[in-house]
Ligand SMILES: [Cu+2]
């Protein structure tokens with residue numbers, strides 16, 4: 001069975017007096033990655049638009065060595081320069097390179113470790129977004145990596161196959177570190193994903209698509225000025241894997257795109273003008289079945305895997321169009337309703353056949369009847385339950401093994417993107433209604449429309465530690481940095497919360 005999501009094929013012109021088709025043709029002609037057609041934001045970029053399309057960069061698969069049964073990766077954060085635009089060297093940060101990082105990949109049941117080194121001039125950290133792991137390995141704001149230091153987290157991969165990612169999480173500085181380019185994918189495989197009939201040749205028909213928007217100053221340098229925008233910075237240049245004006249050559253009848261919204265603030269609505277796609281996976285792995293979709297909305301931090309059917313010799317353009325922001329009042333949309341091209345797929349004249357996507361789904365096992373605790377989280381301004389983040393305060397104490405329901409309410413006219421560390425949750429309901437099919441699988445981040453209540457169910461399976469907390473927070477990174485975050489610990493039955501290590505020692 002397939003379902004149809006948000007049909008939005010109105011053919012509305014992107015600019016007054018310009019037909020959608022004409023705009024698309026024009027945009028393609030100039031590799032049109034500079035946003036146009038926006039009411040609320042100037043559409044001109046101080047950096048000239050690229051006059052040629054560029055081949056999509058594919059982040060390399062990270063090399064690893066295996067020692068004593070542990071797969072060990074190396075990530076070094078450093079500064080460098082990147083030529084986003086011909087002839088302009090932009091200062092950026094990256095892992096093992098000048099911008100973004102390699103793709104880490106591991107299989108369920110494997111033990112992994114990462115040597116994280118910091119060659120920047122400032123403190124950073126690396127959080128494994130979506131990963132189930134002990135809190136000391138989580139890479140949140142308490143696992144700082146100081147300049148010149150190396151941090152060595154290790155854990156066992158113990159969750160279904162998924163498209164996860166990694167990025168810094170330093171207290172109050174996350175927006176800047178991600179924006180400068182510190183981010184990469186962490187792909188997990190398992191028996192089910194390996195048996196699935198999904199395109200799976202990395203970088204060929206299984207394509208990482210890290211979507212980010214940037215803003216450049218007159219000198220071609222990145223600027224992080226959000227102009228007082230409530231949601232944060234909305235850039236006027238969009239890039240995929242750091243490539244502006246990206247195209248990808250396709251040789252197979254189907255292609256799988258692993259979409260990551262790696263932006264700091266912008267919400268996207270991905271789709272193709274001329275075809276539907278099969279949504280096959282969300283943040284934490286495969287969906288129960290493919291969901292036939294026109295548009296896939298992703299808030300910052302969210303991922304989706306889509307499978308696109310190709311026509312030989314006929315280009316297809318992944319666009320982000322006017323996302324349904326879910327009732328965000330116009331003054332707060334701030335250009336979040338832009339429409340623009342993201343990635344052009346260029347199929348060959350002859351395509352190798354690809355099978356229909358099929359797999360055996362592993363049930364989440366999360367049942368409302370099993371929930372023993374319900375917690376309430378109200379988001380407003382930059383606060384959760386009336387409080388801003390305090391590194392020394394433990395906000396919630398969870399007992400290991402418990403299934404819990406988290407009722408998350410957005411009381412703000414602005415959207416938020418709610419992320420919980422350590423777990424993959426399932427959305428039970430949105431304002432009391434069953435969730436749409438795209439929210440039927442494993443999630444670790446969910447878009448919160450204004451004035452709605454999301455009931456999330458999750459289970460905290462192991463890794464008790466009364467002292468080291470996990471985070472929950474808004475993944476719109478300006479919001480997070482300004483305090484929209486809280487901390488929880490997972491304790492043994494009957495155990496009390498301890499004290500956050502280092503508390504009382506100047507972490508205020
Ligand atoms: Cu937010």
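FYI, it's all coordinate maths here, none of it is from the lab. Since the structure is predicted, the reported quantities are computational estimates derived from the model, not experimental observations. Methodologically, a virtual Cβ is constructed for each residue, glycine included, from the backbone with ideal geometry; neighbour enumeration extends over all protein chains shown.
Fewest-first ordering of 453, 264 by other beta carbons within 10 Å of each residue's beta carbon gives 453, 264. Counting every C-alpha pair in segment 288-400, the share spaced more than 21 angstrom apart comes to 66%.
Distance between Cα centroids, segment 370-445 to segment 220-292: provide it in whole Å. Going from one Cα centre to the other spans 24 Å. Each of 481, 206 has some number of other Cβ atoms within 10 Å of its Cβ, and from fewest to most they run 206, 481. With N as its number of residues, segment 368-491 has a Cα radius of gyration that, divided by 2.2 N^0.38 Å, comes to 0.99. In a solvent-free Debye calculation with one equal scatterer on each Cα, what is log10 I(q)/I(0) for segment 86-181 at q = 0.13, 0.17, 0.25 Å⁻¹, listed in the order of the q values? Rounded to two decimals, the profile gives -0.46, -0.76, -1.46. Evaluated over the Cα positions of the chain, the convex hull gives a direction-averaged projected area, one quarter of its surface, of 22.6 nm². DSSP bridge analysis restricted to the chain gives an antiparallel fraction near 70%, rounded to the nearest 5. Once R0 is set to 30 Å, what does the formula 1/(1 + (r/R0)^6) return for the Cβ-Cβ distance between residue 115 and residue 400, expressed as a FRET efficiency to the nearest 0.05? My answer for the efficiency is 0.55. Sequence-distant contacts, meaning Cα pairs under 8 Å at least 6 residues apart, place the relative contact order of the chain at 15 percent. Hydrodynamic analysis of segment 196-352 uses the Kirkwood radius over alpha carbon pairs. Inserted into Stokes-Einstein at 4 °C and 1.567 mPa s, it gives a translational diffusion coefficient of 80 µm²/s.
Taken along the Cα-to-beta-carbon direction at a fixed 7 Å, the label points for residue 81 and residue 367 span 6.2 nm. Ordering 314, 349, 305, 83 by the number of other Cβ atoms within 10 Å of each residue's own Cβ, fewest first, gives 349, 314, 83, 305. Rounded to 0.05, the FRET efficiency of the residue 292 and residue 146 pair, given R0 = 41 Å and the Cβ-Cβ distance, is 0.25. Here the relative contact order of segment 196-352, from alpha carbon pairs under 8 Å that lie six or more residues apart, stands at 26 percent.
Placing a pseudo-label 7 Å from each Cα along the Cα-to-Cβ vector at residue 376 and residue 462 gives an inter-label distance of 3.5 nm. Diagonalising the gyration tensor over the Cα atoms of segment 65-121 and scaling each eigenvalue by 5 before taking the square root yields semi-axes of 30, 12, 6 Å, largest first. For the pair residue 223 and residue 251, label points projected 7 Å from Cα toward Cβ lie 4.4 nm apart. Counting only alpha carbon atoms, the long axis of helix 20-29 and the longest principal axis of the chain meet at about 90°.
As a calculated quantity, the FRET efficiency between residue 451 and residue 390 at R0 = 30 Å, using C-beta atoms, amounts to about 0.65.
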